[in-house]
Amino acid sequence: MLNADYKKQAIQDLREIDKEYTEVFGNAISDMERLQNTRNIAVRAIQCVERYVITLANRPRNFDTQMGEIKIRYVKFVDACKEIQELEMKRCKEQTTSRRMGASGVLGGAGVAVLGPTAAMSVAMTFGTASTGTAIASLSGAAATNAALAWLGGGVLAAGGAGVAGGQALITLAGPIGWAIGGVSLIGSLIATNLSNKDIAKKTEKSIAVIKKEMERIKEIKVQVLSWNKETKNLSYAITNQLTRLRMNRKQDYQTFTEDEINELISLFNSTEVLSKKIGETIKGRD
């Protein structure tokens, strides 16, 4: 049949890019889960500093003001995580199997990964906002997951699609990645169309090009996530060490601190403030 080999090769290339995309997608989600875990550890480090400062007698009043601002940031982070996780757990229980989003065989029709509550929360907290500008944490459970997936799995492809509207439970995306997220088989759809072998091959090649572009975007996101993870880990470690050194002096009255100890405490405060901001960093509006 005319151009049969051309179509066959194009579809084979599409299957291969499917496997590669699935791996890149899955790795990105794993990196976000690791980042979320690092941020959870960072929150505990901040709380340790908070408890230490509270025990200091005759501490400067501005210490309480500064610590109050730090607490507002980490509480906001913790509350958002808890809300998304609870909503996701509820959604996972309520959704039927046919409406769940799957993790492998993205282009073969299985859809995009079934994300558990922890993974969904990690992705949502990494991106921070839906494509509409709505805070992901303020969306319902399903919409939060879908908004995050829209960013990760093809939000930028929605040139003719709407992405995820605030409060919407299902996503509508244009292009092959959008179809994959919706659980529609790209390969099956192409083969089922009443097109010539040549037209199917050309459409398949265009889809491959788009998917490759998406993979590059996800790889860029991965670099940012890995950078945040490293910076947060290092800062948490430094803060823990500073706090350990201060505790070793066994002093509970600020007025008994030496000049070096006061400088160490101020440095600890400054580092803790930076960390409280870092745990809230998100990829906002990045296409």
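Arg247 passes all but one of (1) of a type in the set (D, E, K, R); (2) closer than 30 Å to Tyr6 by Cβ; (3) open to solvent by 80 Å² or more (accessible area, probe 1.4 Å); which number fails?
(2)
Which residue is farthest from Cys81 (Cα to Cα), if the candidates are limited to the range 19-53 and must be of a type in the set (Asp, Glu) and within 13 Å of the chain's Cα centre (by Cα)?
Asp31
Can you give me the number of residues within the range 9-25 that are over 16 Å from Arg217 (Cα atoms) and surrounded by fewer than 20 Cβ atoms within 10 Å (Cβ to Cβ)?
Counting residues in the range 9-25 that are over 16 Å from Arg217 (Cα atoms) and surrounded by fewer than 20 Cβ atoms within 10 Å (Cβ to Cβ) gives 7.
So which residues in the range 214-244 are surrounded by 13 or more Cβ atoms within 10 Å (Cβ to Cβ) and farther than 26 Å from Val49 by Cβ?
Correct list: Glu214, Met215, Arg217, Ile218, Ile221, Lys222, Gln224.
Anything in the range 250-282 that is open to solvent by 50 Å² or more (accessible area, probe 1.4 Å), in a helix (DSSP H, G or I) and touching a residue at least 24 places away in the same chain (Cβ under 8 Å)? List them, or say none.
Gln255, Val274, Lys277
I want to confirm something. Restricting to the range 44-69 and keeping residues that are in a helix (DSSP H, G or I) and among the small types (Gly, Ala, Ser), which single residue is surrounded by the fewest Cβ atoms within 10 Å (Cβ to Cβ)?
Among residues in the range 44-69 that are in a helix (DSSP H, G or I) and among the small types (Gly, Ala, Ser), the one surrounded by the fewest Cβ atoms within 10 Å (Cβ to Cβ) is Gly68.
With (1) within 27 Å of the chain's Cα centre (by Cα); (2) within 30 Å of Gly280 (Cβ to Cβ) as the list, and Glu16 as the residue in question, which single condition is left unmet?
(2)
In the range 19-35, is there at least one residue being modelled with pLDDT of 95 or more and not acidic (Asp, Glu)?
Yes, some residue in the range 19-35 is modelled with pLDDT of 95 or more and not acidic (Asp, Glu).
The values are calculated or read from the model by the stated rules, or taken from the named source; none is laboratory data. All of these numbers come straight from a predicted model, not from anything done at the bench. Reconstructed Cβ throughout: ideal geometry from the backbone, glycine too, with neighbour counts over all protein chains shown. With ligands, DNA and RNA removed, areas are computed over all heavy atoms of the protein, side chains included. Shrake-Rupley method; radii C 1.70, N 1.55, O 1.52, S 1.80 Å.
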